[in-house]
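The values are calculated or read from the model by the stated rules, or taken from the named source; none is laboratory data. The model shown is predicted, which means the values in this text are computed figures rather than measured ones. With ideal geometry, Cβ positions are generated from the backbone for all residues, glycine too; neighbour counts draw on all protein chains shown.
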Amino acid sequence: MSAELALELHQKYFGMKPKAISFAPGRINLIGEHTDYNGGFVMPAAINKGLWVTARVIDGETRMISSVAGTSKPFCAESTEPGDASGWAKYPAGMAWALRSQFGPMPNLECAVFSTLPSSSGVSSSAAIEMAFGMVWKALVGFQITPTELALLGQKCENQYVVVNCGIMDQMASACGRANHAVFIDTRSLDFEYASVSDQYAVMLLDTKKPRALTSSAYNERRSQCETAASIMGVELLRDADLSLLQANKSRLDEVVYRRAKHVITENYRCQEFRVVLRSDDRNGIFTLMKGSHDSLRDDYEVSCPELDAMAESAWVSPGVVGARMTGAGFGGACVALVEKGSVSEFSKVCLEGYAEKTGMTGDALVCSIENGARILNF
Ligand code: GLA
């Protein structure tokens, strides 16, 4: 349906049929938060909300229309450099720039972008747009690239062209996702394996409707605190530290830096443990690890906010809950919850009522299916 709407938008705006169409999903992270830029473990999943891009090669500059953001200023895909593009065009332009470093200049396109991603809720529309444009250029140019390589170019686009210092989790989830599975990723080696998510559970996005704020500056501050902790402890990345090394160095670490490192080290334990409890369907384990992750992000990493705490607290006591926590970078956005399939409507009602009582705000609860990663579609 959304693919048809994307095709319709293209035809209506440009008066021509596109030659290729791609889809890339947003992601939800089950566990492993703020570990990816520390070489640690993450466990995201690609969701059924995402972004469709239709495209046709043209002469002249790249022109785009988006179902949510309207038109953007044209840019030259063949020669664009960091600083050229503005607004949401930075993502496609940055992908053209990153792809050029490996495959030579990308042709200019006319394209339509259709999105079903809820805005500002932290499901990574940026990774989705990067992966969808990577795929559409792949379809039109015909180069060969693996999902992991595409994810790395997406990260390069974001770090060096858009100038957002993100890790690799979002791009890997969008590129490598598999239906009904979470992706357990070692972000140092980029090895990954699929972990099946029980079909008894619905994966829910609990949107606080509090837009994410201050993310970039606070995110960079957390990254540098992690680097400080690693260097004081004499390890390359916090991935290489364990709790006994942390305790041995406690007196040499600033109190805040100590807590940041404690979060990352314990979150790496939780993420590895989560792979085990998900496989054995240990519900107590799932609940405890997801709650432990939220508590640690709130108290030690300090990236939660009153709205995320209220949503998680409400989810923990709602009928049918299997586990819940904040998901994504934090400072607003959404929680993720695993919920017994038969209890979804009761869970949503009770959880959102509890959230409204605590905050006076109206949140949203969405069931997401777990889908395959970025791909070229036939039409
Ligand atoms: C953002 C970044 C990811 C990751 C998460 C926190 O989504 O893009 O790389 O660091 O925050 O886990």
Just to check your reading of the model, which residue among Asp199, Asp207 is closer than 20 Å to Ser369 by Cβ, in contact with a Ser or Thr (Cβ under 7 Å, 6 or more places away or on another chain) and either more than 14 Å from the ligand (Cβ to nearest atom) or without any contact (Cβ under 8 Å) to a residue 60 or more places away in the chain (or both)?
Asp207
Might you let me know whether the range 206-215 holds any residue that is under 17 Å from Val42 (Cβ atoms) and either basic (Lys, Arg) or outside any helix (DSSP H, G or I) (or both)?
no
Pick from Phe143, Phe41: which is hydrophobic (A, V, I, L, M, F, W, C) and either without any contact (Cβ under 8 Å) to a residue 24 or more places away in the chain or surrounded by fewer than 18 Cβ atoms within 10 Å (Cβ to Cβ) (or both)?
Phe143
Answer yes or no as to whether Ser318 is touching a helix residue (DSSP H, G or I) at 6+ places or on another chain (Cβ under 8 Å), touching a residue at least 24 places away in the same chain (Cβ under 8 Å), of a type in the set (Ser, Thr, Tyr) and within 16 Å of the ligand (Cβ to nearest atom).
no
When the range 210-228 is examined, which residues are found to be within 16 Å of the ligand (Cβ to nearest atom), over 18 Å from Met311 (Cβ atoms) and in contact (Cβ under 8 Å) with a residue 24 or more places away in the chain?
Leu214, Ser216, Ala218, Tyr219, Asn220, Arg222, Arg223, Gln225, Cys226
Of all residues in the range 131-154, how many are under 27 Å from Asp207 (Cα atoms) and out of contact with any Asp or Glu (no Cβ under 7 Å at 6 or more places or on another chain)?
4
Would you pick out the residues in the range 336-379 that are assigned to a loop (DSSP other than H, G, I, E, B) and β-branched (Val, Ile, Thr)?
Thr362
Name every residue in the range 240-251 that is touching a helix residue (DSSP H, G or I) at 6+ places or on another chain (Cβ under 9 Å) and either free of Cβ contacts under 8 Å to residues at least 60 places away in the same chain or crowded, with 17+ Cβ neighbours inside 10 Å (or both), in order of residue number.
Ala241, Asp242, Leu243, Leu245, Leu246, Ala248, Asn249, Lys250
Scanning the range 167-185 residue by residue, the ones that are in contact with an Asp or Glu (Cβ under 7 Å, 6 or more places away or on another chain), within 14 Å of the ligand (Cβ to nearest atom) and touching a residue at least 60 places away in the same chain (Cβ under 8 Å) total 3
In the list Arg252, Arg298, Arg279, which residue meets the criterion of being within 16 Å of the ligand (Cβ to nearest atom) and either among the charged types (D, E, K, R) or in contact with a strand residue (DSSP E or B) (Cβ under 7 Å, 6 or more places away or on another chain) (or both)?
Arg298
Only residues that are surrounded by fewer than 24 Cβ atoms within 10 Å (Cβ to Cβ), farther than 18 Å from Ile28 by Cα and either modelled with pLDDT under 95 or not charged (D, E, K, R) (or both): list them for the range 319-347, please.
Pro319, Gly320, Gly342, Ser343, Ser345
Failed item, numbered, when Thr80 is tested on (1) under 30 Å from Glu193 (Cβ atoms); (2) away from the ligand (no atom under 15 Å from the Cβ); (3) crowded, with 20+ Cβ neighbours inside 10 Å; (4) not basic (Lys, Arg)
(1)
Can you find even one residue in the range 231-239 that is of a type in the set (D, E, K, R), away from the ligand (no atom under 13 Å from the Cβ) and in contact with a helix residue (DSSP H, G or I) (Cβ under 6 Å, 6 or more places away or on another chain)?
yes
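Just the residues that are closer than 24 Å to Val277 by Cα and in contact (Cβ under 8 Å) with a residue 60 or more places away in the chain, please, taken from the range 330-365.
Passing the criteria: Ala334, Cys335, Val336, Ala337, Leu338, Val339, Glu340, Lys341, Val344, Phe347.
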From the set of residues in the range 117-150 that are at pLDDT 95 or above and part of a loop (DSSP other than H, G, I, E, B), which is farthest from the ligand (Cβ to nearest atom)?
Gly142
Assuming Leu153 fulfils every condition listed in (1) part of a helix (DSSP H, G or I); (2) under 30 Å from Met361 (Cα atoms) apart from one, which condition is it?
(2)
Residues of the range 199-241 being in contact with a Lys or Arg (Cβ under 9 Å, 6 or more places away or on another chain) and aromatic (Phe, Trp, Tyr), which ones?
Tyr201
Going by the structure shown, is Pro107 touching a residue at least 40 places away in the same chain (Cβ under 8 Å) and within 17 Å of Ile21 (Cβ to Cβ)?
yes
